[in-house]
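S.K.: What follows is a structure written as structure tokens; I'll ask about it next.
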Amino acid sequence: MEPVTRSERLTAAAGKQVQRVRDFVTDTDPAALVVVTVIAVSLLAAFVGFLAVSNLTILPFAVFLAATGYGWVRHQEETALVLTLTMTVSTLLILGLIIVFIFRESVPVLQYESATVFGVSVPGLRMFVQSNWDAVSEPIRYSMVPMIHGTVMVTVVATAVAGPLGVAAALFLSEIAPDIVREFVKPGVEILAGIPSIVYGFIGFTILSPWASDQFRTTGQGSYLFVGIVVGLMALPTVVSVAEDALSSVPESMKSGSLAVGTTDWQTMTSITLPAAFSGVSAAVLLGVGRAIGETMAATVMLRGVPRLTDPLVNVFYGQETLTSLIARNYGEADGFQMDALFVAGVILFVTVLVISIGAQYIEWRMRSKLGGGA
Amino acid sequence: MSDDSDRNSRVSRRTFIATTGTVGIAGLAGCGGQSGGGGSGGESGGDSGATATDSGMDGEGSQSGSSSDGQNASLLTAEGSSTVYPISNTGSSYWNSNAPPSDGEYWGSNSESTVPGWEQLGEPDMLIADYFASKFGFEPTEQRSSPPFPTTVGLSHSGTGCEAVTDGLVDIGNSSGPITAELDWSEEQAQSTVVDNVVGRDGQPVVVSSDVIDAGITELTGEQVRAIYQDEITNWNQIDGVDYDQEIYAIGRAEGSGTDTAFRLNMLGDANASMSGVDTRFGQNQQVAQAVSQNEGAIAYMALAFTSESVVPVGIDFDGTLYEPDRDAEHTIFDSDYPLNRDLHMYTLIEEDNPNGGGYDAREAAFINMFLNEFGQTIFVEGNNYIPLPTSDLRSMKEQVSALATEDLIMP
């Protein structure tokens, strides 16, 4: 067999796609083909009009609606095909536009915050190599370091709260608790996820933070520790729910096999159920981490809103600012570079979440290939 | 009556309502005629007619007005600064609604509530706009939603408001800065062209938590406040003569907001001054008040309306002048020259066709007078989180408008 090169494979794949389209064209009734083309072209025109902020955008959009209506009645099959395709494309398109927008908005401040390394000017580098944020008084600096530090602190504390608690609760619910308890507790945990974050934040601001400030003798209120605990509690339902699903989808035969060779329940849990469901459980924890990173409201009302590093770095008893709370607190008053710096915080959040979700996918893929299609 | 309805059951419902409506208006007109008759005699028929049909607001209404006292009852217009707008516009809304004294919430008193300053006004048995307008010779309409003359407030900028009042486009020009600065005028030009009516102040008193007050700190110098916010003083016991070992929790406002900039400019000396001593920042007055009340050793600056027993304003000593939180003191934190304050102006134009060629016509004086008493200051100024005028300023403003009053004004 000849070794197939990458380009040949690509050409073959492209050829296959062209063939599919050609088949579709030959197989389809010309009238339906016309309708489908009108739908696609008018939607494309509407999109171009939208980007150009044209008043005439409504015209192609009306044509699109009319053609879709007509097509739905006369050629439902082809119309549905095109509609589902365009919906998918537009989801990706919207995502793409958002990414382009936040990156574009952050460009000016990245240029302002250029730093020179080995004679090369690197845009945005100064935001990450020094830790001073001051949008008003000289020197004006928009360092992201304090916010990244804050986000990391909150996330670490939140994960330390939500991870062990969540996995333990999921184990109990899925393996130990009697059915009747599980029937009641699981929906209860899911309802917990529906409590709006401002409620947690409000309790944190009025009760937890002043109490913590008294107990730990800090100057004023607002600490990463308690924001982390609150955010961890908020992430807990997600972790419990997803981890429980993963644990209970481990086949009963695997557990029975283990028990049959004489292990105890606990040994089965730790050496069979948990490893088998590991990808699901880690996905659960990662989802919780994602929630902790993205949590805005509770962090905004509980933190101090003064971007600076705590001293020493691991001091969790003072809480300054996270990436999300920076945006939430300042979007109303910010302008110029300060506004652009908020977009930079958005970009960092975006990249972080992207990395986490790719990481979760990767863990899942590794586990699947290793365990041969576990949960 | 039953006879009537039997007969009307054949007529359409609309005709019925229209008919009874006419009867009602006729009845009202009769009542108005009687009560008006007590006041100004023969012309009162026309007056009440205008009220009942509601159509002659500008035409017939002003004629009947002019017949009584040469009064112009056309629409009073105001325009300008967004900072003064809340005060001016709330006042205008109250005025146009012309609420009766039985309302309790917006004007007057009933078993459930009483408006602030009601007692001081002598509990008049008149509708709100009727009462304030009657002080300047207007006939009461005695009907709600129908003030002796209507008012409207536009929203633009301080400079635009000053220009509009100078050009005679509006009656009142709202401005948050002095007209000398807005239009680059000399002091003499301003004084010969417009009358400056200060209705309230915009500012941020410095407040501390109650434990700081208990430790005996009731006043600070401007220099001490600056040092606190610039991280030179971090513990209350670093202040001379204070024996209170407590770290200072310095609260600031959203970075780059108007409040933040004003504080840096007036307290720290420069709009871009460093605030390295600030421990936390909040966007809203409520959050600041809450944080001050639940933390020890706190200092903050915020709108006066949010002060309480646990959030206490302190006196500030600027260059030897002590501004006290007491409203009747010689120098108060409500004063115009307290560095954290700025006046909120409602300018009126000095015109030849005004009475005595003065700075007001009766409408302007009547409307502005509404703000110059405890009722107006509490509802319109404090209610919008601004600083009410201290007693002495209130009195001098009141004296300005009293030139046109046909009755004695109640002095604060």
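The values are calculated or read from the model by the stated rules, or taken from the named source; none is laboratory data. Just so it is clear, the model here is predicted, and its values are computed rather than measured. Glycine also receives a Cβ, built like all others from the backbone with ideal geometry; neighbour counts cover every protein chain displayed. Surface accessibility is based on the protein's heavy atoms, side chains included, excluding ligands, DNA and RNA. Shrake-Rupley method; radii C 1.70, N 1.55, O 1.52, S 1.80 Å.
S.K.: For the subset of the range B:129-155 comprising residues that are charged (D, E, K, R) and open to solvent by less than 40 Å² (accessible area, probe 1.4 Å), which member is nearest to residue B:361 (Cα to Cα)?
M.R.: That would be B:135.
Residues checked against (1) open to solvent by 40 Å² or more (accessible area, probe 1.4 Å); (2) more than 10 Å from chain A (Cβ to nearest Cβ); (3) aliphatic (A, V, I, L, M):
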{"position": "B:245", "(1), (2), (3)": "yes, yes, no"}
{"position": "B:273", "(1), (2), (3)": "no, no, yes"}
{"position": "B:298", "(1), (2), (3)": "no, no, yes"}
{"position": "B:305", "(1), (2), (3)": "yes, yes, yes"}
{"position": "B:313", "(1), (2), (3)": "no, yes, no"}
{"position": "B:316", "(1), (2), (3)": "no, yes, yes"}
{"position": "B:333", "(1), (2), (3)": "no, yes, yes"}
{"position": "B:347", "(1), (2), (3)": "no, yes, no"}
{"position": "B:355", "(1), (2), (3)": "yes, yes, no"}
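S.K.: Further, regarding this structure: Of these, B:250, B:254, B:262, B:291, which one is out of contact with any Phe, Trp or Tyr (no Cβ under 8 Å at 6 or more places or on another chain) and either surrounded by fewer than 20 Cβ atoms within 10 Å (Cβ to Cβ) or within 14 Å of chain A (Cβ to nearest Cβ) (or both)?
M.R.: B:262
S.K.: Condition first: touching a strand residue (DSSP E or B) at 6+ places or on another chain (Cβ under 7 Å), in a helix (DSSP H, G or I) and either among the hydrophobic types (A, V, I, L, M, F, W, C) or more than 20 Å from residue B:72 (Cα to Cα) (or both). Now tell me which residues in the range B:89-112 satisfy that.
M.R.: Passing the criteria: B:89, B:95.
S.K.: A follow-up question, please. How many residues, within the range A:276-310, are more than 14 Å from every other protein chain (Cβ to nearest Cβ) and of a type in the set (Lys, Arg)?
M.R.: Number satisfying all stated conditions: 1.
S.K.: Please specify each residue of the range B:255-311 satisfying the condition of being among the charged types (D, E, K, R) and under 18 Å from residue A:306 (Cα atoms).
M.R.: B:255, B:260, B:264, B:279, B:281
S.K.: Within the range B:216-251, track down each residue that is assigned to a strand (DSSP E or B) and not hydrophobic (A, V, I, L, M, F, W, C).
M.R.: B:219, B:221, B:235, B:247, B:249
S.K.: Take the residues in the range B:189-215 that are modelled with pLDDT under 90 and assigned to a loop (DSSP other than H, G, I, E, B); name whichever of them is most open to solvent (accessible area, probe 1.4 Å).
M.R.: Ranking the qualifying residues of the range B:189-215, first place goes to B:204.
S.K.: If you don't mind, another one. Might you check whether a residue that is surrounded by 24 or more Cβ atoms within 10 Å (Cβ to Cβ) and touching a strand residue (DSSP E or B) at 6+ places or on another chain (Cβ under 9 Å) occurs anywhere in the range B:113-128?
M.R.: no
S.K.: Those residues that are free of Cβ contacts under 8 Å to residues at least 60 places away in the same chain and within 20 Å of the chain's Cα centre (by Cα), I need them from the range A:203-237; list them, please.
M.R.: Hit for the range A:203-237 is A:237, nothing else.
S.K.: Ok, one more. Given the options A:230, A:250, name the one that is open to solvent by less than 30 Å² (accessible area, probe 1.4 Å), part of a loop (DSSP other than H, G, I, E, B), away from chain B (no Cβ under 14 Å) and not aromatic (Phe, Trp, Tyr).
M.R.: A:250
S.K.: Just to be sure before I move on: is residue B:179 open to solvent by less than 10 Å² (accessible area, probe 1.4 Å), among the β-branched types (Val, Ile, Thr) and more than 27 Å from the chain's Cα centre (by Cα) in the structure I sent?
M.R.: no
S.K.: If you don't mind, another one. Can you tell me which of B:341, B:373, B:272, B:354 is of a type in the set (S, T, N, Q), out of contact with any Pro (no Cβ under 7 Å at 6 or more places or on another chain) and more than 30 Å from residue B:230 (Cβ to Cβ)?
M.R.: Exactly one residue qualifies, and that residue is B:354.
S.K.: Turning to a different aspect of this structure: Would you mind telling me which numbered condition in (1) at pLDDT below 90; (2) under 30 Å from residue B:248 (Cα atoms); (3) in a helix (DSSP H, G or I); (4) not hydroxyl-bearing (Ser, Thr, Tyr) residue A:225 fails?
M.R.: Tallying (1) at pLDDT below 90; (2) under 30 Å from residue B:248 (Cα atoms); (3) in a helix (DSSP H, G or I); (4) not hydroxyl-bearing (Ser, Thr, Tyr), residue A:225 fails exactly one: (1).
S.K.: Can you tell me which residues in the range A:193-221 are over 21 Å from residue A:292 (Cα atoms) and open to solvent by less than 10 Å² (accessible area, probe 1.4 Å)?
M.R.: Of everything in the range A:193-221, just one residue is over 21 Å from residue A:292 (Cα atoms) and open to solvent by less than 10 Å² (accessible area, probe 1.4 Å), namely A:220.
S.K.: Do you know which residues across the range B:163-176 are of a type in the set (Ser, Thr, Tyr) and either open to solvent by 20 Å² or more (accessible area, probe 1.4 Å) or over 21 Å from residue B:360 (Cα atoms) (or both)?
M.R.: B:166
S.K.: Please tell me if residue A:316 is part of a loop (DSSP other than H, G, I, E, B) and more than 14 Å from every other protein chain (Cβ to nearest Cβ).
M.R.: yes
S.K.: Turning to a different aspect of this structure: So, in the range A:322-335, how many residues would count as being more than 9 Å from chain B (Cβ to nearest Cβ) and not polar (S, T, N, Q)?
M.R.: Number of matching residues: 5.
S.K.: Residue by residue through the range B:82-105, note down the ones that are without any contact (Cβ under 8 Å) to a residue 40 or more places away in the chain and not small (Gly, Ala, Ser).
M.R.: Scanning the range B:82-105 gives B:101, B:103, B:105.
S.K.: Looking at the range A:333-348, which of its residues are touching a Gly at 6+ places or on another chain (Cβ under 7 Å) and either farther than 13 Å from residue A:112 by Cβ or surrounded by fewer than 14 Cβ atoms within 10 Å (Cβ to Cβ) (or both)?
M.R.: A:333, A:334
Every residue, every condition in (1) touching a residue at least 24 places away in the same chain (Cβ under 8 Å); (2) surrounded by 14 or more Cβ atoms within 10 Å (Cβ to Cβ); (3) in a strand (DSSP E or B); (4) out of contact with any Ser or Thr (no Cβ under 8 Å at 6 or more places or on another chain), yes or no:
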{"position": "A:61", "(1), (2), (3), (4)": "no, yes, no, no"}
{"position": "A:66", "(1), (2), (3), (4)": "no, no, no, yes"}
{"position": "A:69", "(1), (2), (3), (4)": "no, no, no, yes"}
{"position": "A:80", "(1), (2), (3), (4)": "no, no, no, yes"}
{"position": "A:101", "(1), (2), (3), (4)": "no, no, no, yes"}
{"position": "A:110", "(1), (2), (3), (4)": "yes, yes, no, yes"}
{"position": "A:149", "(1), (2), (3), (4)": "yes, yes, no, no"}
{"position": "A:152", "(1), (2), (3), (4)": "no, yes, no, yes"}
{"position": "A:160", "(1), (2), (3), (4)": "yes, no, no, yes"}
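S.K.: Can you name every residue in the range B:232-243 that is open to solvent by 80 Å² or more (accessible area, probe 1.4 Å) and either among the aromatic types (Phe, Trp, Tyr) or touching a residue at least 40 places away in the same chain (Cβ under 8 Å) (or both)?
M.R.: Result: B:232, single match.
S.K.: Can you tell me which residue in the range A:1-37 is modelled with the highest pLDDT, limited to those that are open to solvent by less than 80 Å² (accessible area, probe 1.4 Å) and assigned to a loop (DSSP other than H, G, I, E, B)?
M.R.: Per the stated criteria, the residue is A:29.
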